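Structure first, then comments.
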Amino acid sequence: LIFDDRLGGTYVAIDDLDHRGSGAFTQDVFDISTTTAIASLTAKSGGVTYLNKVKGDLDLTLNVDIPNAKYTFKENALALNALRIRTEGFVQMVGDEINMDIKYDTPKNNFKSLLSMIPSAYTADFKDVEADGALELNGFIKGSYDAIKGSMPAFLLNLTVDNGSFKYPDLPLGVQGIQTKTKINSPSSDLNKMVIDISN
């Protein structure tokens, strides 16, 4: 499955998609329970590759409110390679706008989970990689997206890695002392007001 918007500079490719779901679709308000598995997911926008051949798994229960075009996250578990992400909030269609209020975090993860998102690091022998270090990753997306008006929601990303390290089994030396404290804060649709603070 390929979406290629050359004018907008957005590209998404999905290989080997398995999806199933169930719900009371004849009702105005109902829950839909879904499971999705993707062997390879690539996403690019504005010349930046955000996901490159990432393996994805999603178990999601979504509350669907047809009259209000509102979709609320309930129980969910998302895995991108070894990185597990939890979300809460909603997405709502209002005219040409998509309103959203979504929070996310990464419970029960460590530095190795983040390492798996680096394309050249997530190899066949990744399960045998020795890695250590604490990881904190959380944030939110809140506001309206409107492609016609060019409006973007506010968003925040907090990333902290404390004393990260890794070593591949066939290499004599590993990498130690990986530290970062990064905060990306965009408080409005005006991306010129976005602040990227990498204090460590």
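Screening residue 82 on (1) touching a strand residue (DSSP E or B) at 6+ places or on another chain (Cβ under 8 Å); (2) in contact (Cβ under 8 Å) with a residue 24 or more places away in the chain shows it passes everything except condition (1). Which one is nearest to residue 96 (Cα to Cα) among residues in segment 18-70 that are polar (S, T, N, Q) and surrounded by fewer than 15 Cβ atoms within 10 Å (Cβ to Cβ)? Ranking the qualifying residues of segment 18-70, first place goes to 68. Filtered by the rule that a residue be open to solvent by 50 Å² or more (accessible area, probe 1.4 Å) and at pLDDT 90 or above, segment 146-165 gives 155, 157, 162, 163.
Does residue 50 fit the bill of being part of a strand (DSSP E or B), modelled with pLDDT of 90 or more, touching a strand residue (DSSP E or B) at 6+ places or on another chain (Cβ under 9 Å) and within 26 Å of residue 1 (Cβ to Cβ)? Answer is no for this residue. Exactly one residue among 158, 192 is under 16 Å from the mean Cα position of the chain (by Cα) and without any contact (Cβ under 8 Å) to a residue 60 or more places away in the chain, and that residue is 158. Being assigned to a strand (DSSP E or B) and free of Cβ contacts under 8 Å to residues at least 12 places away in the same chain is the filter here, so list the residues in segment 162-175 that pass it. Residue satisfying the conditions is 175 alone. What do you reckon, is residue 123 of a type in the set (Val, Ile, Thr), under 20 Å from residue 77 (Cβ atoms) and either at pLDDT 90 or above or open to solvent by 30 Å² or more (accessible area, probe 1.4 Å) (or both)? Criteria not met by residue 123. In segment 71-111, the qualifying residues are those that are touching a Lys or Arg at 6+ places or on another chain (Cβ under 9 Å), open to solvent by 50 Å² or more (accessible area, probe 1.4 Å) and not in a strand (DSSP E or B), and the one that is nearest to residue 34 (Cα to Cα) is 108. Pairs meeting the criteria (first residue in segment 1-21 and of a type in the set (A, V, I, L, M), second residue surrounded by fewer than 11 Cβ atoms within 10 Å (Cβ to Cβ), beta carbons under 7 Å, at least 6 apart or on different chains) are 12/3; 13/2; 14/1; 17/1. Here the condition is being at pLDDT 95 or above and farther than 30 Å from residue 132 by Cβ; of 69, 24, 39, it holds for 69 alone.
Kindly evaluate residue 189 against the criterion of being at pLDDT below 95 and outside any loop (DSSP other than H, G, I, E, B). Considered against the rule, which asks whether it is at pLDDT below 95 and outside any loop (DSSP other than H, G, I, E, B), residue 189 comes out as no.
Does residue 180 count as under 20 Å from the mean Cα position of the chain (by Cα), open to solvent by less than 70 Å² (accessible area, probe 1.4 Å) and not hydrophobic (A, V, I, L, M, F, W, C)? Yes, satisfied.
Taking segment 1-17 as the range and being open to solvent by 60 Å² or more (accessible area, probe 1.4 Å) and closer than 22 Å to residue 87 by Cα as the test, only 17 passes.
The values are calculated or read from the model by the stated rules, or taken from the named source; none is laboratory data. Worth saying up front: this structure is predicted, and the values here are computed from it rather than measured. Ideal geometry is used to build each Cβ from the backbone, glycine not excepted, and the neighbour counts take in all protein chains shown. When the accessible area is computed, the model is the full protein with side chains, heavy atoms only, and any ligands, DNA or RNA have been set aside. Shrake-Rupley method; radii C 1.70, N 1.55, O 1.52, S 1.80 Å.
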